[in-house]
1. Report yes if ILE196 is touching a Leu at 6+ places or on another chain (Cβ under 9 Å) and closer than 18 Å to ASP293 by Cβ, otherwise no.
2. Among the residues of region 141-157, is there at least one that is away from the ligand (no atom under 15 Å from the Cβ), among the charged types (D, E, K, R) and within 30 Å of ALA35 (Cβ to Cβ)?
3. Only one of (1) within 12 Å of the ligand (Cβ to nearest atom); (2) in a helix (DSSP H, G or I) fails for LEU251. Which number is that?
4. Go through region 106-122 and give me each residue that's near the ligand (Cβ under 8 Å from one of its atoms) and not polar (S, T, N, Q).
5. Of the conditions (1) within 11 Å of the ligand (Cβ to nearest atom); (2) outside any helix (DSSP H, G or I); (3) open to solvent by 40 Å² or more (accessible area, probe 1.4 Å), GLN269 satisfies every one except a single condition; which number is it?
6. Could you tell me whether any residue of region 129-138 is away from the ligand (no atom under 12 Å from the Cβ) and surrounded by 24 or more Cβ atoms within 10 Å (Cβ to Cβ)?
7. Which of (1) open to solvent by 60 Å² or more (accessible area, probe 1.4 Å); (2) of a type in the set (Ser, Thr, Tyr); (3) in contact with a Lys or Arg (Cβ under 8 Å, 6 or more places away or on another chain) does TYR292 not meet, given it meets every other one?
8. Does SER164 fit the bill of being of a type in the set (S, T, N, Q) and more than 14 Å from the ligand (Cβ to nearest atom)?
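The values are calculated or read from the model by the stated rules, or taken from the named source; none is laboratory data. As the structure is a computational prediction, the values presented were derived from the model and not from experiment. Because the Cβ atoms are built from the backbone with ideal geometry, glycine has one as well, and the counts that use them run over all protein chains shown. Only protein heavy atoms, including side chains, enter the accessible area calculation; ligands, DNA and RNA are left aside. Shrake-Rupley method; radii C 1.70, N 1.55, O 1.52, S 1.80 Å.
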Amino acid sequence: MKPFVYNGLPARVVFGTGALSKLPEELDRLGTKRALVLSTPEQRESAESVKAALGARAAGLYDKAAMHVPIEIAEDARRVARELGADCCVTVGGGSTTGLGKAIALTSTLPILAVPTTYAGSEMTPIFGITEGGAKKTGRDARVLPRAVIYDPNLTLSLPPALSAASGMNAIAHAVEALYSHESNPIISLMAEEGIRALANALPTIKMSPSDLPARSDALYGAWLCGIVLGSAGMALHHKLCHVLGGSFNLPHAETHSIVLPHAVRYNQSASEAMQRIEHAIGAADAASGLYDLEKKLGLPMRLADLGMKEADLERAARLATEAPYPNPRKVEYAPVLELLRDAYSGRRPS
Ligand code: NAD
């Protein structure tokens with residue numbers, strides 16, 4: 001056994017079909033009385049019903065959460081929280097909505113009770129991101145880690161199949177990189193492997209039958225585990241590439257993760273123990289091509305070109321990704337990273 005450091009983050013998780021009904025109880029546990037409910041405009045209806053269920057415990061609803069937390073929206077939401085005298089935020093949505101709650105918590109210390117509706121995993125991490133002047137700044141702060149999380153698979157039933165698949169692969173990407181992270185440890189590896197297994201089994205069923213509640217439940221369980229490992233172990237080349245592609249080329253978050261993942265895994269194939277765990281979890285003889293085949297089976301876009309990436313921008317992306325790389329098992333170098341991006345651009349199956 002190699003020496004390691006394990007730094008568990010505090011988390012209270014209430015998991016189960018119908019668990020949303022425990023929200024008032026959970027707010028009481030936090031000692032809060034005036035919750036600001038947050039959502040995107042698209043999920044206003046779900047947020048309205050949460051607000052209605054809270055009755056007098058709801059201070060209001062703010063429905064302008066947007067991808068990558070633009071600073072203007074963060075500041076507006078902070079103002080609304082202050083004006084309404086909110087003493088906590090209830091986030092109903094995916095990473096964008098959780099991210100807005102984190103932006104409020106960062107400057108106000110209002111606790112967050114997260115109700116995730118995608119598989120992105122932000123609710124389990126102390127990582128925040130705010131976009132200002134076209135650049136996304138991220139950081140870690142214990143104040144933004146949600147104080148309680150309610151995982152109710154019922155809320156994921158409306159997540160469209162294509163987004164479910166991409167979001168699930170985004171979660172798998174967290175676990176894959178945790179397995180070969182410079183901060184990996186045996187507990188995180190157990191959770192990462194189990195998270196990949198749960199999602200890889202559930203996602204094909206969800207694609208065929210989006211309202212299959214047991215599969216939705218398994219996927220959310222997997223997403224929870226993948227969120228824990230994202231919050232505990234530093235990420236590597238794959239996440240760096242996705243941050244560059246999302247931040248500088250405006251590619252959609254979950255789909256970008258999904259397309260890049262098999263190629264990043266091929267790049268890091270020398271991390272043999274991680275590869276074996278991935279292969280075991282997805283039931284494939286080779287981690288990189290196995291993940292590629294899973295994504296193909298899920299009907300996901302396979303080429304960065306499909307997301308609007310321009311071939312002429314690949315060199316700039318490779319430069320940005322290699323300038324200040326995250327720690328990675330294999331040395332991060334321009335030429336092979338450019339090759340990786342070319343493969344992801346054209347959707348070539350890793351050989
Ligand atoms: P998202 O939150 O942007 O949601 C995508 C779309 O799906 C939105 O329109 C949303 O309203 C809709 N949606 C979400 N759940 C739904 C449901 N159940 N039914 C119907 N529609 C639903 O997507 P995401 O992938 O969850 O989050 C992406 C963002 O989260 C990115 O900005 C990413 O950087 C961030 N993120 C942060 C962390 C972290 O630890 N800080 C982790 C993962 C992702």
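1. So ILE196 passes the test.
2. yes
3. Among (1) within 12 Å of the ligand (Cβ to nearest atom); (2) in a helix (DSSP H, G or I), LEU251 violates only (2).
4. Across region 106-122, the qualifying residues are PRO116, TYR119, ALA120, GLY121.
5. Single failed check for GLN269: (1).
6. No.
7. It is condition (1) that TYR292 fails.
8. On the way: of a type in the set (S, T, N, Q): yes; more than 14 Å from the ligand (Cβ to nearest atom): no.
So SER164 does not fit the description; no.
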